[in-house]
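Undergrad: Quick one: the structure is below, and I'll ask about it shortly.
Derivation of every value follows stated rules applied to the coordinates shown; laboratory data play no part. Small disclaimer: the values here were computed from a predicted structure and weren't measured. Please note: Cβ atoms are built from the backbone with ideal geometry, for glycine as well, and neighbour counts cover all protein chains shown.
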Ligand SMILES: [Cu+2]
């Protein structure tokens, strides 16, 4: 309701013209409170939830599809599953105007998804094509002789033989010290171990959270899923309405104590580390320490855009907010 003072001022405004009303509205202390900077300043507003970190312009809506969507689980294998990972150095763009000096497994950041059934034999050859020592360490269960902490010299190679297990999601990464630098530069990826009694058919998606130190100060300034800041804010992950979605989620940010994943407008079944056949919880948020991971399952019930982001909003604002588009 207008106050008596408002009525007086409107009357004065009519007498003085609309310019005077606008002047009074700007000066009045009884008007609406001043907008926070992030709303009043459109550039600041755009920084909310990752829109301040746009992906490189070279990336289009399909550019990360081969990283985002997992191919179907491989058929059972009698022999060992054989992989070769070359450790490479490259300049990796992480946003529209920032890049990092990356070390990668095979040129991609994260490295390729390795996959096998519980009990499958894996044979992974690591070839170090860089000027520094690196190595390859797996989470999950394996023979202690294949633990991978020993350095592989520049130009050298090592074969790691593992028996995949237990069923679940196990990150792999370079474990050469200082580990946070080697992981921060991009030396990480996912090993998916499928239970012999397979999980139900689903749209399978990998989301690996990384931090990017773009100014070389040892701290991440940008954050993003699957190697790019702001990508899924610009290009939502498409899933079908009502389709079972399974997310293989891992936190590979080493310089923050925690990072969470929060889904808007729907909840998910949470399988911590993916090692149990039954979920521990139905929730809309899971918090992960460095190298922690989880498998999430959910269905989005109607068309629309469903936001996801770490609830550490500085991470979300610096590139880690994204959308699922249910279509
Ligand atoms: Cu390394």
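Undergrad: Could you give me D for the stretch 60-210, from Stokes-Einstein at 10 °C and 1.306 mPa s, where the hydrodynamic radius is the Kirkwood radius over C-alpha pairs? Units µm² s⁻¹, please.
TA: For the chosen part, D equals 99 µm²/s.
Undergrad: What is the gain in length, in nm to one decimal, between residue 147 and residue 84 on full extension, counting 0.36 nm per residue of separation less the C-alpha to C-alpha distance?
TA: Result: 21.0 nm gained on full extension.
Undergrad: Shape verdict for the stretch 217-268, please, from the Cα gyration tensor: rounded (a/c under 1.5), prolate (a/b greater than b/c) or oblate.
TA: Because a/c hits 1.5 or more and a/b exceeds b/c, the stretch 217-268 counts as prolate.
Undergrad: So, one more: If you look at just the Cα atoms of the stretch 210-327, how large are its Rg and its Dmax in Å?
TA: 14.2, 45
Undergrad: Quick check on the stretch 164-228: take the gyration tensor over C-alpha atoms, sort the square-rooted eigenvalues as a ≥ b ≥ c, and tell me if it's rounded (a/c under 1.5), prolate or oblate.
TA: oblate
Undergrad: Return the FRET efficiency for the residue pair residue 238, residue 96: r is the Cβ-Cβ distance, R0 is 22 Å, and the value is rounded to the nearest 0.05.
TA: Efficiency at R0 = 22 Å is approximately 0.50.
Undergrad: What is the stretch 155-221's relative contact order, in percent, from Cα pairs under 8 angstrom and six or more apart in sequence?
TA: 27
Undergrad: Quick check: Cα centre of the stretch 173-192 to Cα centre of the stretch 263-314, how many Å?
TA: If we compute the Cα centre of each part, the gap is 23 Å.
Undergrad: Could you work out the equivalent-ellipsoid semi-axes for the stretch 135-251, taking the square root of 5 times each eigenvalue of the Cα gyration tensor, largest first, in whole Å?
TA: After scaling each eigenvalue by five and taking roots: 27, 24, 9 Å.
Undergrad: Determine, for 142, 311, 134, the number of other Cβ atoms within 10 Å of each Cβ, and report the residues in order from fewest to most.
TA: 311, 142, 134
Undergrad: If you stretched the chain out fully between residue 77 and residue 284, how much longer would it get, using 0.36 nm times the residue separation minus the C-alpha to C-alpha distance?
TA: Gain on extension, residue 77 to residue 284, equals 70.9 nm.
Undergrad: Based on the Cβ-Cβ distance of residue 303 and residue 198, what FRET efficiency does E = 1/(1 + (r/R0)^6) give at R0 = 41 Å, to the nearest 0.05?
TA: After rounding, the FRET efficiency stands at 0.90.
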